[in-house]
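Have a look at the structure below, then the notes.
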Amino acid sequence: MSRLQTSLIFDLDGTLVDSVYQHVLAWREALEMEGIKLSVWRIHRKIGMSGGLFTNMLLRETGLAIEPERIERLRRFHTSAFNRHAADVRPLPGAPELLSYLSNAEIPWAIATSGRMETARSSIETLAVDFERTTIVTRDQVKFAKPDPDLFLTAAERLGVEIADAFVVGDSVWDMLAARRAHALGIGLLSGGYGREELERAGAYRVYEDPADLLGHIDEVGGRR
């Protein structure tokens, strides 16, 4: 009997690139443009889900009207603010090396992010990946984003692998919830600010510090050549 082919589907922000806090600050700027004052920690707890669901939840918490026009303005404000911070985004330790290892070992991998390409492109470029040869799924390409499983299901389909045989690597509880709903095993990373217990409660099969730590234990998820 042949061994199952390992494949990995990666979230982007907080998983491969150190960009969570740039997104948090960008959302705070966007909200303040609408006259909405929120503590940074409240914003951080929702990073990782889709922008539409994110704004819906925040507006609901503050008791403000959830109007399509307001949601669209917030999205535009966030994109503009994040792109001003984008020059500060760096790959997380070990991220380029991990992706290079997987490619050299002929282990399929993909990036699936709840961000739109308008904000994700600059972050992906820091990883020095080949856009033409890399499977990348962004919010623009699916009907629903996290915690719905669409991003990860689409990535698996494009890789030509069974989602049940894939590992989803993410830094937030929203990644782990979406992985469970897709029937994939979730691997949590601490590099986005969520704690080990939070990730495990959300369904993480394993938890590592960052991409470098995952690479150092890649054999634990069947990532041998």
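Values for this structure:
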quantity	calculated
Condition met for Ala212 (surrounded by fewer than 20 Cβ atoms within 10 Å (Cβ to Cβ), of a type in the set (A, V, I, L, M, F, W, C) and within 21 Å of Gly94 (Cβ to Cβ))	yes
Selected residue [farther than 28 Å from Leu74 by Cβ and under 12 Å from the mean Cα position of the chain (by Cα)] from Val169, Val161	Val169
Matching option when the condition is assigned by TED's automatic domain parsing to the domain that holds Leu12 and either outside any loop (DSSP other than H, G, I, E, B) or at pLDDT 95 or above (or both), among Gly115, Gly186	Gly186
Answer from Val161, Val137, Val169, Val142 - the residue that is out of contact with any strand residue (DSSP E or B) (no Cβ under 7 Å at 6 or more places or on another chain) and of a type in the set (A, V, I, L, M)	Val142
Of the criteria (1) under 14 Å from the mean Cα position of the chain (by Cα); (2) surrounded by fewer than 21 Cβ atoms within 10 Å (Cβ to Cβ); (3) at pLDDT below 90; (4) of a type outside the set (Lys, Arg), which one Gly35 fails	(1)
All positions within the stretch 167-182 that are modelled with pLDDT under 95 and not in a helix (DSSP H, G or I)	Ser172
Test: residue in the stretch 66-85 that is over 24 Å from Tyr208 (Cβ atoms) and part of a loop (DSSP other than H, G, I, E, B)	yes
Count of the stretch 143-178 residues which are out of contact with any Asp or Glu (no Cβ under 7 Å at 6 or more places or on another chain) and either at positive phi or surrounded by fewer than 24 Cβ atoms within 10 Å (Cβ to Cβ) (or both)	17
Residue match in the stretch 128-136 (condition: buried (at least 21 other Cβ atoms within 10 Å of the Cβ) and either in a loop (DSSP other than H, G, I, E, B) or free of Cβ contacts under 8 Å to residues at least 40 places away in the same chain (or both))	no
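The values are calculated or read from the model by the stated rules, or taken from the named source; none is laboratory data. Source: prediction; values computed, not measured. Because the Cβ atoms are built from the backbone with ideal geometry, glycine has one as well, and the counts that use them run over all protein chains shown.
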